[in-house]
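Engineer: So that we are looking at the same thing, I have put the structure below in structure tokens.
No value in this document is a laboratory result; all are computed from the given coordinates. If you're wondering where the values come from, they're calculated on a predicted model, not measured in any experiment.
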Amino acid sequence: MVSFPFEFGVMFGDIGHGGMLLMASIFVIFNTELIHKAGLGILNKVRYLLFMLGLFATFMGLIYNDMMSIPL
């Protein structure tokens, strides 16, 4: 369960894009009824997976020292 988000983070490794994915998933986690009313119920099923994908991508971006494809 953890290996796919970790390998996604290794592949994607970017602070900016991973942070955007992380913020979007946090929005989905805290607004589940709003997402359900909008007809996007599939996001409620994958919300924690998206959170882990964003978390690992941001973490690996910090390790790679990369933000929006620009080295820091």
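Engineer: Given H placed on each backbone N at 1.01 Å, which residues far from ASP66 in sequence or on other chains put an amide H within less than 5 Å of it?
Structural biologist: Here the answer is ILE15, LEU72, since their amide H atoms fall under 5 Å of that of ASP66.
Engineer: Right, here's the next one. If you take the Cα Rg of the chain and divide it by 2.2 N^0.38 Å, with N the number of residues, what do you get?
Structural biologist: 1.17
Engineer: Determine ³J(HN,Hα), in whole Hz, for all residues of region 40-54 in sequence, where each value follows from phi through the Karplus function 6.51 cos²θ - 1.76 cosθ + 1.60 and θ = phi - 60°; x replaces Gly and Pro.
Structural biologist: So the J values, rounded to whole Hz, are 10, x, 5, 5, 5, 7, 10, 4, 6, 5, 4, 4, 5, 4, x.
Engineer: Comparing MET52, MET23, MET11, which has the greatest mean-square fluctuation in the GNM of the chain with Cα pairs linked when under 10 Å apart?
Structural biologist: The residue with the greatest mean-square fluctuation here is MET11.
Engineer: To the nearest 10 degrees, how steep is helix 15-30 against the longest Cα principal axis of the chain, on a 0 to 90 scale?
Structural biologist: For helix 15-30, the angle is close to 20 degrees.
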